[in-house]
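Data block below; observations after.
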Amino acid sequence: MKFSKMHGIGNDYVYVNGFTETIGDPNSVSKFVSDRRCGIGSDGLIMILPSEVADCRMRMFNADGSEGMMCGNGIRCVGKFAYDNGIVTESELSVETKSGIKYITLEINDGVAVAATVDMGKAILRPADIPVKMDGETCIAQPLMVNGQEYTVTCVSMGNPHCIVFCNDPKDIPLEQIGPHFEHHALFPERINTEFLQVIDETTLNMRVWERGSGETYACGTGACACVVAAVLNGFCKHDTEITVHLLGGDLKITYQSDGTVMMTGPVTHVYDGEIDISGIPSMLCLSE
């Protein structure tokens, strides 16, 4: 299997050109390639495939083999992959995802895509649609007991479900301990991504993220978008204002528009290309799996 290793501010995936490559069991392949000791090492696997409704289609799989709906950092790299490899020839393209069609505008430098702006669509706030097992039209600043401690949470979907917790400093959060308790909480029927968010000022946020199926990652694009939405809904930031979100891997620029649409801008990086034998999966999976 030929692949490319790429990342968006440290959120790294193994990318496979589904126009030329076929993967029979992407769930197992994702678990294998994601392993940082026995595989390539990544937050998951992303396949770029033909589409009948867009320029290409994206399927993304988490490090545990589960299929995700969307990935904000991943879709920016899909745009770069499609342009750099001649799948598209224009700097504007559309990508079909399990969360609908997303539209990307690439920044091109010397014939190579170096950054991308993605129209992430409208934020989903209705609990039943996130999904969150809670009545009402929104879940904003609601109390939630997790592992014996009460938190105040705001829940948003950006194609993926997110639970945002405001805090003084994310680095002080024992994320490896508390993250799984949020992810598998009974309130979230499809599990949840959890962000611990610090408000620096009305245009600057600082976050850490625990992603369902992958654990803590260096960055989460849909999570950064959800954090900006939550910050606006809780009165810390404003609509139609570009907000800088600091993540472990770098910065994203997010705007939550008055019509509910969220725009995300960030860099895209190609690390290397390679080829790997996947004929022995699942026997090649680490014993720890």
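The values are calculated or read from the model by the stated rules, or taken from the named source; none is laboratory data. Note that the structure is predicted; figures quoted are calculated from it, not measured. Because the Cβ atoms are built from the backbone with ideal geometry, glycine has one as well, and the counts that use them run over all protein chains shown. Quick note on the areas: whole protein, heavy atoms, side chains included, nothing else; ligands and nucleic acids left out. Shrake-Rupley method; radii C 1.70, N 1.55, O 1.52, S 1.80 Å.
Heavy-atom accessible area of M263 with all protein chains present, probe 1.4 Å, nearest 10 Å²?
Here the accessible area works out near 50 Å².
If you take every residue apart from K5 with its C-beta less than 9 Å away from the C-beta of K5, what net charge results, scoring Lys and Arg +1 and Asp and Glu -1?
It works out to a net charge of -2.
Ignoring any ligand, DNA or RNA, what whole percent of the accessible area of the chain comes from carbon and sulfur when the probe is 1.4 angstrom?
It is 45 percent, rounded to a whole number.
In what order, largest first, do T217, T255 sit by accessible area if the probe radius is 1.4 Å? Please report the intermediate quantities before stating the final value.
Numbers: T217 5, T255 30 Å².
Largest accessible area first, the list is T255, T217.
Using the Cα centre as the reference, give the magnitude of the dipole from point charges on the C-beta atoms of the chain (Lys, Arg: +1; Asp, Glu: -1; all else neutral), rounded to the nearest 20 debye.
Values: 20 positive and 38 negative charges, 59 e Å.
Here the size comes out at about 280 debye.
Who wins for biggest fluctuation among N109, N85, N234 in a Gaussian network model of the chain, springs between alpha carbons below 10 Å?
The residue with the greatest mean-square fluctuation here is N109.
Over all directions, the average projected area of the alpha-carbon convex hull for the chain comes to how many nm²?
Spelled out: convex hull of the Cα atoms, projected over all directions, averaged, 14.8 nm².
What is the Cα centroid distance between the stretch 166-232 and the stretch 10-25, reported in whole angstrom?
Cα centroid of the stretch 166-232 versus Cα centroid of the stretch 10-25: 27 Å apart.
With every protein chain left in place and a probe of 1.4 Å, what is the accessible surface of C227, to the nearest 10 Å²?
For C227, solvent-accessible area is about 0 Å².
Which of the lysines could a cross-linker bridge to K253, judged by Cα under 20 Å and excluding same-chain residues fewer than eight apart?
Excluding near neighbours in sequence, the set is K80, K102, K122, K238.
Once Lys and Arg get +1 and Asp and Glu get -1 on their Cβ, which of G148, V271, I101 lies farthest toward the positive end of the dipole of the chain?
G148
With N residues in the stretch 137-244, what two-decimal value do you get for its Cα radius of gyration over 2.2 N^0.38 Å?
Details: Rg = 12.7 Å, N = 108, 2.2 N^0.38 = 13.0 Å.
Compared with the compact-globule rule of thumb, the stretch 137-244 sits at 0.97.
Which value, in Å², gives the accessible area per residue of the chain when a 1.4 Å probe is used on the protein heavy atoms? If you can, show how the numbers build up before the last one.
Numbers: 12180 Å² over 289 residues.
For the chain, the solvent-accessible area averages 42 Å² per residue.
Can you work out the Karplus-derived ³J(HN,Hα) for every residue in the stretch 131-145? Use 6.51 cos²θ - 1.76 cosθ + 1.60 with θ = phi - 60°, whole Hz, and x for glycine or proline.
Values, residue by residue: x, 9, 7, 8, 7, x, 8, 9, 10, 10, 6, 9, x, 8, 8 Hz.
Please report the net charge: other residues with Cβ closer than 11 Å to the Cβ of Y218, K and R +1, D and E -1. All intermediate terms of the calculation are to be shown ahead of the outcome.
On the way: positive: R208; negative: D12, D43, E211, E216.
Computed value for this residue: -3.
Given an 8 Å cut-off on Cα distances and at least 6 residues of separation, report the relative contact order of the chain as a percent.
Over the chain, the number comes to 20 percent.
Tabulate in residue order the Karplus-calculated ³J(HN,Hα) for the stretch 80-88, using 6.51 cos²θ - 1.76 cosθ + 1.60 with θ = phi - 60°, rounded to whole Hz; enter x for Gly and Pro.
Once θ is set to phi - 60°, the couplings for the stretch 80-88 become 5, 4, 4, 6, 5, 9, x, 5, 10 Hz.
Normalise the Cα radius of gyration of the stretch 99-178 by 2.2 N^0.38 Å (N = residues in it) and let me know the number.
The value comes to 1.49.
Residue by residue, what Karplus-based ³J(HN,Hα) values in Hz, rounded to whole numbers, does the stretch 152-158 have, using 6.51, -1.76 and 1.60 with θ = phi - 60° and x for Gly and Pro?
Residue by residue, the stretch 152-158 yields 9, 10, 10, 10, 9, 10, 10 Hz.
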